[in-house]
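Below is one structure, written out as structure tokens, with a few remarks after it.
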Amino acid sequence: MYKKYLTNEQFNFQINRFLEPYYTDDNVQQTIKENAEKLVNEESWYRVWNQLGLKTEKKGRNDLAAAYYQLADFFLAEEGIRKEQTYAAFQRTFYTSIAQVQIKFETVPYAGMLLPIARFSHPGATKTLIFHGGFDSYLEEIIRLTLTSGLLQLKDYNIILFEGPGQGRVLKDGFPMTHAWEKPIKAILDYYQIDAAVLLGMSLGGYLAVRAAAFEPRIKKVIAFDVYYSMLDSFTMKLSPQARTALTKIANPAIASKIDAALTEAAKSNIDLAFKIRKGNEVMQTHNASELIKAAQQYTLKGCEKKVTQDVLLLAGNQDLYVPTSTIALVAKKLVNAKSVTQFLFTEKSGGERHCQVGNKQIAFEKIISFLEK
């Protein structure tokens with residue numbers, strides 16, 4: 001179950017996110033405990049995890065070293081030698097730690113870019129599952145989940161994992177995210193000549209997947225892991241009503257300037273806010289908070305909910321760091337033309353109460369696998 005290592009909510013969440021597989025490893029838990037008090041800002045965060053990655057890699061524990069390197073990498077800006085080094089170290093140790101024989105690595109051309117693909121195939125499989133991440137995930141994260149979650153036991157499914165615009169390698173190649181996720185999905189379906197597929201989106205991918213399903217009829221089932229209605233919720237859910245009202249007037253240049261100044265000042269003492277603004281600007285290729293907010297306003301299901309006609313699975317936790325608890329009921333209510341809507345709101349009692357059920361992700365995959373088997 002989800003652990004409290006630190007009072008800093010963002011730091012604590014990321015430790016749980018990447019080190020959840022080591023909850024029962026006493027040595028790892030002791031290492032976290034010994035180093036937690038050193039994690040006071042983004043610089044110390046990088047130093048601590050990078051040093052642990054180096055030490056652990058030397059010991060031959062590449063799986064654990066990869067997790068430490070990904071933690072070190074997490075808050076680094078895309079530009080800079082340290083980002084290149086930690087990303088390379090993460091990939092090196094990650095791929096050394098897994099059996100790659102069952103994975104076929106490919107690329108799919110789309111709009112002047114190449115989408116990285118990791119494909120798992122089963123002889124005689126008649127169905128296809130397409131799985132992608134969201135705001136800050138790498139392909140390797142969903143590869144690890146595919147290998148450990150039980151998805152590969154579904155022998156009737158071939159599984160395609162990919163990084164799209166604004167994600168992982170594609171972002172590093174200079175391509176921002178698009179809210180019109182049906183376009184890269186179409187490119188993948190066309191490339192592999194797939195007539196019917198299930199689409200699984202993780203984190204912000206929960207919005208992207210449902211949005212794609214609204215415009216791509218070859219998607220027959222869609223899974224929001226976790227559910228999103230609007231990306232802007234992640235930036236505004238902890239703001240005062242007055243601040244949220246101000247954001248509705250952001251098209252006014254004078255108000256936009258005031259918002260930039262206020263958020264810049266607030267981010268100096270708020271690691272979570274600073275990360276969201278910086279990472280958002282990188283993902284969207286915007287330059288300040290007001291530009292980011294304007295871009296994020298496009299990432300909403302508003303206006304396309306009635307176009308979703310598929311079977312839909314919505315997952316959510318009631319202590320989500322990025323998504324209001326009310327979102328799952330809202331989205332379920334809005335999908336009036338869906339063939340079916342299945343929803344699960346996880347709590348501390350059941351486990352899985354955090355974003356993407358971090359702390360007990362297997363409880364989410366039990367629901368996902370059950371949905372896929374229907």
Query raised in the report: Rounded to the nearest 0.05, what FRET efficiency do LYS3 and ILE369 have when you use their Cβ-Cβ distance and R0 = 25 Å?
Result: 0.50
Report summary line: So GLN153 and GLN319, fully extended at 0.36 nm per residue minus their Cα-Cα distance, gain in nm 56.7 nm
Query - Dipole of region 1-69 [Lys/Arg +1, Asp/Glu -1 at C-beta], most positive-end residue of THR31, TYR46, LEU6 - result: THR31
Query raised in the report: Among the helices of the chain (complete DSSP H runs), which have Cα atoms covering no less than 20 Å along the helix axis and a Kyte-Doolittle mean of at least 0.0?
Result: 253-267
Query raised in the report: Between GLN285 and THR236, 0.36 nm times their residue separation minus their Cα-Cα distance comes to what?
Result: 15.6 nm
Query raised in the report: Using unit Cβ charges (K, R positive; D, E negative) and no other charged atoms, how large, in debye to the nearest 20, is the dipole of region 278-374 about its Cα centre?
Result: 280
Requested in this report: Report, in debye and to the nearest 20, how large the dipole of region 1-128 comes out about its Cα centre when Lys and Arg carry +1 and Asp and Glu carry -1 on their Cβ.
Outcome: 340
**Report entry** Mean ellipticity per residue at 222 nm, deg cm²/dmol - from DSSP H runs of n ≥ 4 across the chain, formula -39500 (n - 2.57)
**Finding:** -14000 deg cm²/dmol
Query raised in the report: So what's the Cα pair-distance distribution over the chain, bin width 20 Å, in %?
Result: 29, 61, 10, 0
Query - Pairs beyond 19 Å (Cα-Cα), from LYS183/LYS307; LYS183/LYS220; LYS294/LYS333 - result: LYS294/LYS333
Requested in this report: Putting +1 on Lys and Arg Cβ atoms and -1 on Asp and Glu Cβ atoms, find which of LEU335, LEU315, ASN360 reaches farthest to the positive end of the dipole of region 308-374.
Outcome: LEU335
**Report entry** Three-way shape call for region 54-123 based on the alpha-carbon gyration tensor, with the a/c threshold at 1.5
**Finding:** oblate
Query raised in the report: At a 1.4 Å probe radius, carbon and sulfur cover how many percent of the accessible area of the chain?
Result: 52
Requested in this report: Show which lysines lie in cross-link reach of LYS349 when reach means a straight Cα distance below 21 angstrom and same-chain residues fewer than eight apart are skipped.
Outcome: LYS3, LYS4, LYS361, LYS367
Report task. Take every DSSP beta bridge with both residues inside the chain and express the antiparallel ones as a percent of the total, to the nearest 5. Result -> 30
Report summary line: In region 171-316 the DSSP beta bridges are antiparallel at a rate, in percent to nearest 5, of 10
Report task. Among DSSP beta bridges whose residues both lie in region 97-207, state the antiparallel percentage, nearest 5. Result -> 50
Query raised in the report: Using Cα pairs under 8 angstrom and six or more residues apart, how large is the relative contact order of the chain, in percent?
Result: 14
Requested in this report: Among LEU139, PHE90, PHE215, flag the residue with its Cα farthest along the positive direction of the charge dipole of the chain, charges on Cβ as +1 for Lys/Arg and -1 for Asp/Glu.
Outcome: PHE215
**Report entry** Local electrostatic count, TYR157, Cβ distance below 12 Å [Lys/Arg +1, Asp/Glu -1]
**Finding:** +2
Query raised in the report: If you put +1 on each Lys and Arg Cβ and -1 on each Asp and Glu Cβ, how big is the dipole of the chain around its Cα centre, in Debye rounded to 20?
Result: 580
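The values are calculated or read from the model by the stated rules, or taken from the named source; none is laboratory data. Not measured: the values here are computed from a predicted model. When we count neighbours, we look across all protein chains shown, and the Cβ atoms used for this are built from the backbone with ideal geometry, even at glycine. Areas reflect the complete protein model, heavy atoms only, side chains present, ligands, DNA and RNA absent. Shrake-Rupley method; radii C 1.70, N 1.55, O 1.52, S 1.80 Å.
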